[in-house]
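**Student:** My questions will all concern the structure given below.
Read the figures in this text as sums done on the coordinates, not as results from a lab. Small disclaimer: the values here were computed from a predicted structure and weren't measured. Neighbour counts are summed over all protein chains in view; Cβ atoms, including those assigned to glycine, are modelled from backbone coordinates with ideal geometry.
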Amino acid sequence: MGSNSKSSPIETPGAWKPLDLSEFQPLSMLEVKNTRVERSRYPVIDMHAHMSFSAKVVNGVHLGEERQFFGTPEELIPVMDRKNIRMLNNLTAGFGSALDDAIARYDKAFPGRFFAFAEPCFNRFPEPGYPQIQADAVAQAKQSGAKGIKLLKTLGLYLRENITTGDLVKIDDPRFDPMWEACASLEMPVAIHVSDPVAFYLPVDRFNERYEELSNHPDWSFHGPAFPANAELLAARDRVFARHPQTQFIALHVGNFSENLASVSASLDRYPNMSVDIAARISELGRQPRAARAFFEKYQDRILFGTDAIPHGHEFPQQLFCDQLYEIYYRFLETDDEYFDYAPAKVPPQGRWQISGINLPDSILKKVYYENAARIMHLEL
Ligand SMILES: [Zn+2]
């Protein structure tokens, strides 16, 4: 031991210091294949992007027509062209004049590149005439040019009898039946976000695999008696699917139970009117690549491509973030690469693990990238 040992304590056995979890950024020493997939093998319809959001949210309920826009079409189109994205769905385009604005700004200005889903308006929920008002609003949204309806997790977790106060309104509340039926008769698919990752229902402690994510977003935790259980929410959702067999439902985020593909499969088997998107869930799918590959093989006609991209508001410059995000999705679907980051971020945002690709054959890739969406959405390409 020379005098050096004092100036480099790391090299001295037993002298390491505890490390704050937020500072832990291990570099993988694996020497494995690293395929860059700059463009998807087939054109893409991204069913799940957010170019506008409600500007007024009270206790988790989106109220009022006012919208906040992210990204202009002029900013988005170069990214789309680079990444082989034929169409982007603005999934949260709102309703009323805001929906008209969104459709004018994207869909009508650049035909064939954008489409939009409308959202229900909960402002008038306590009124006795609400069920019909909401059904009529779906027809109005169709008139305006919306291609479908999107429901946030508002339903089941936030909306209450008096909008923001009182008892939680259940997902299968019969007051929404006219809305679901209007979606069927108008051929408007319903993109529905129910529940959330199952770890959000567990205590935020050292056993929680999404500890860092929940620490960064404490309001995402649904742990405790104030919230319904995950299983209860999914069961209520499934009762809606059963009661409205003519309505097409797109259960977002792999039915929001990608931790349990057997459960998602059981629902898909039971409800032929259900399909799923993969938005923000390649993290889950890619850490069970063999089960995921089997899932894609079995449900190849009912899986839609989506990312949950929000063109602005990330720590990365917008365009770089979008490019990297799409390349990771393509790598997951198209390659058999192992152990790579599922998001363009220094620390994995949903949990500290890596993913592997599932190397889908061309016939399934084509369906997932655009054919299924085009069929379900009645889109002409
Ligand atoms: Zn989303």
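**Student:** Show me the helices of the chain, taken as full DSSP H stretches, that run 30 Å or more along their long axis by Cα and average 0.0 or above in Kyte-Doolittle hydropathy.
**Tutor:** Helices meeting the criterion: none.
**Student:** Ignoring the sites themselves, what is the longest stretch of the chain with no GluC sites (Glu not before Pro) in a DSSP loop and at most 10 other beta-carbon atoms within 10 Å? Intermediate values should be presented prior to the final figure.
**Tutor:** On the way: sites that count: GLU31, GLU315, GLU380.
Answer from the scan: 32-314.
**Student:** Once the cut-off is 25 Å, how many percent of the Cα-Cα pairs in the range 39-377 end up in the long-distance tail?
**Tutor:** 50
**Student:** Now, a different point. Counting only chymotrypsin sites (Phe, Trp or Tyr not before Pro) that sit in a DSSP loop (anything but H, G, I, E, B) with at most 10 other Cβ atoms within 10 Å, what is the longest stretch of the chain containing none of them?
**Tutor:** Numbers: sites that count: TRP16, PHE24, PHE207.
Here the longest run is 25-206.
**Student:** Loop-only trypsin sites (Lys or Arg not before Pro) in the range 109-193, please: DSSP not H, G, I, E or B, and at most 15 other Cβ atoms within 10 Å.
**Tutor:** Numbers: sites: ARG113, ARG124, LYS142, LYS147, LYS150, LYS153, ARG160, LYS170, ARG175; in loops: ARG113, ARG124, LYS147, LYS153, LYS170.
Those that pass, being in a loop and sparsely packed, are ARG124.
**Student:** Collect residues whose amide H, placed 1.01 Å from N in the peptide plane, falls under 5 Å from the amide H of ARG67; neighbours closer than 5 in sequence don't count.
**Tutor:** ALA55
**Student:** If you look for lysine pairs in the range 39-377 that are eight or more places apart or on different chains, how many of them have Cα atoms under 26 Å apart?
**Tutor:** The number of close lysine pairs in the range 39-377 is 29.
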